[in-house]
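The values are calculated or read from the model by the stated rules, or taken from the named source; none is laboratory data. Worth saying up front: this structure is predicted, and the values here are computed from it rather than measured. Cβ placement follows ideal geometry from the backbone for every residue including glycine, while neighbour counts extend to all protein chains displayed.
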Amino acid sequence: MAMNDDQIKRYSRHILLPEVGGKGQKKITNAKVFVVGAGGLGSPVALYLAAAGVGTLGIIDGDLVDLSNLQRQVIHHTSDVARPKIDSAREKIVALNPDVRVVSFHDRLTAKNALDLVQGFDLIVDGTDNFPTKFLINDTAIFARKPLIHAGILRFSGQVMTILPGTSACYRCLFKAPPPAGMIPSCQEAGVLGALAGVIGSIQATEALKLILGVGRPLTDRLLTYDALTTRFRNVAIRRNPACPVCSDHPTITQLVDYEQEVCRTA
Amino acid sequence: MNVKLNGKPEQVDQTTVLELLRARNIEPQMVSVEHNLKILDKDHFATTPLHEGDSIEFLYYMGGGG
Ligand SMILES: [Zn+2]
């Protein structure tokens, strides 16, 4: 499909980049990205991917917009309080870029629906706020063999990692299982600097676009950590764990599991 | 002995990973430990000795994002 004049103008700053060009912009237009969570991380991820012209954005979130979300969830406005997050997100995405097709699910990701939901998407971005879902998304990506951009934030810190199933280290290569319930404070309990979600979510969107374009070196086999208080970024080299319960040659987890523990929900 | 802890050179007296965690007041359940590029099983924290020049990373769980 050829770009019309408006699209050439809209994406001109991308097309100008030799690494993108018209060909790369078409790859973005054809891309289908599944964003789990329309919250702190999901907001910048969805907005930047929409602005970039990602053709299909899948978004799942079962929550309603709460006043306490607006300090960081920049896709939602004051007038959206009490509305489903996916409705609010869809509206902003379409207003920003009508080229984007939004496929939204007012639901939570579960062991039952996860594999079906990610079918038809090229890659997954984790914008969730709890460990059970983070582990579920990791396992879903491994089983469905879909690239995943993982991230987590807390207080003034964040971490990001790209996972190419079967090729690079996965989340469980680092963290075998969720921490014991109540051990790690949630953002709801411990707080989070709103702009930090923008930093980390924007990195996720950037890594997603790199994968779509096939440019540069993906954030694989390393955990990017960011400490806002010292403004320090670190790349911690990570290797695939031969004892990983899900992505090793002898996995002990062979189907999706719902962990009961709830951390940082609705935050 | 001299080790690299989370990328920084540090002098430590402890001889195992578990002792080092305890000395830093870090609850072993709350971190993943990478020792010379190998992610340790939590059961091995107590039995993994530290040597001069080792590289140790304490990786913290971060579950937020909403
Ligand atoms: Zn793994």
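Taken over the stretch A:67-87, the residue count meeting the criterion of being of a type outside the set (D, E, K, R), touching a Leu at 6+ places or on another chain (Cβ under 9 Å) and in a helix (DSSP H, G or I) is 1.
Away from the ligand (no atom under 16 Å from the Cβ), assigned to a strand (DSSP E or B) and surrounded by 22 or more Cβ atoms within 10 Å (Cβ to Cβ): is that true of A:GLY201 in this structure?
Values: away from the ligand (no atom under 16 Å from the Cβ): yes; assigned to a strand (DSSP E or B): no; surrounded by 22 or more Cβ atoms within 10 Å (Cβ to Cβ): yes.
Spelling it out, it is not the case that A:GLY201 is away from the ligand (no atom under 16 Å from the Cβ), assigned to a strand (DSSP E or B) and surrounded by 22 or more Cβ atoms within 10 Å (Cβ to Cβ).
Cβ separations smaller than 8 Å between residues 6+ apart or across chains give no pair from the stretch A:238-256 residues that are modelled with pLDDT under 95 to residues that are part of a loop (DSSP other than H, G, I, E, B) and basic (Lys, Arg). Looking across the stretch B:21-49 at every residue that is assigned to a helix (DSSP H, G or I) and in contact with an Asp or Glu (Cβ under 9 Å, 6 or more places away or on another chain), the one that is farthest from the other protein chains (Cβ to nearest Cβ) is identified as B:ALA23.
Taking each residue of the stretch A:158-184 that is within 7 Å of another protein chain (Cβ to nearest Cβ) and looking for partners that are polar (S, T, N, Q) and buried (at least 19 other Cβ atoms within 10 Å of the Cβ) with beta-carbon atoms closer than 7 Å, six or more apart or interchain, yields A:GLN159/A:THR225; A:CYS173/A:ASN241; A:LEU174/B:SER32; A:PHE175/B:SER32.
Scanning the stretch A:176-204 for residues that are more than 18 Å from the chain's Cα centre (by Cα) and farther than 11 Å from A:PHE156 by Cβ yields a total of 13.
Look through the stretch A:136-157, keep the residues that are closer than 17 Å to A:LYS112 by Cβ and more than 11 Å from the ligand (Cβ to nearest atom), and return whichever of them is nearest to the other protein chains (Cβ to nearest Cβ). Restricting to residues being closer than 17 Å to A:LYS112 by Cβ and more than 11 Å from the ligand (Cβ to nearest atom), the top hit is A:ILE137.
Report, by residue number, each residue of the stretch A:116-130 that is more than 16 Å from the ligand (Cβ to nearest atom) and either among the polar types (S, T, N, Q) or within 14 Å of chain B (Cβ to nearest Cβ) (or both).
At the first step, the residues of the stretch A:116-130 found to be more than 16 Å from the ligand (Cβ to nearest atom) are A:116-123, A:125, A:127-130.
Selection gives A:GLN119, A:VAL125, A:GLY127, A:THR128, A:ASP129, A:ASN130.
In summary, A:ILE238 fulfils each of the numbered conditions (1) under 17 Å from the mean Cα position of the chain (by Cα); (2) within 16 Å of the ligand (Cβ to nearest atom) with the single exception of condition (1). Residue count for the stretch B:1-17, restricted to those that are acidic (Asp, Glu) and either within 24 Å of A:THR225 (Cα to Cα) or not in a loop (DSSP other than H, G, I, E, B) (or both): 1. In the set (1) in contact (Cβ under 8 Å) with a residue 60 or more places away in the chain; (2) out of contact with any strand residue (DSSP E or B) (no Cβ under 6 Å at 6 or more places or on another chain); (3) under 21 Å from A:ASN130 (Cα atoms), A:VAL45 fails one condition alone, (2). For the stretch A:8-26, the set of residues classified as touching a residue at least 12 places away in the same chain (Cβ under 8 Å) and surrounded by 17 or more Cβ atoms within 10 Å (Cβ to Cβ) consists of A:ARG10, A:TYR11, A:HIS14, A:VAL20, A:GLY24, A:GLN25, A:LYS26, listed by residue number.
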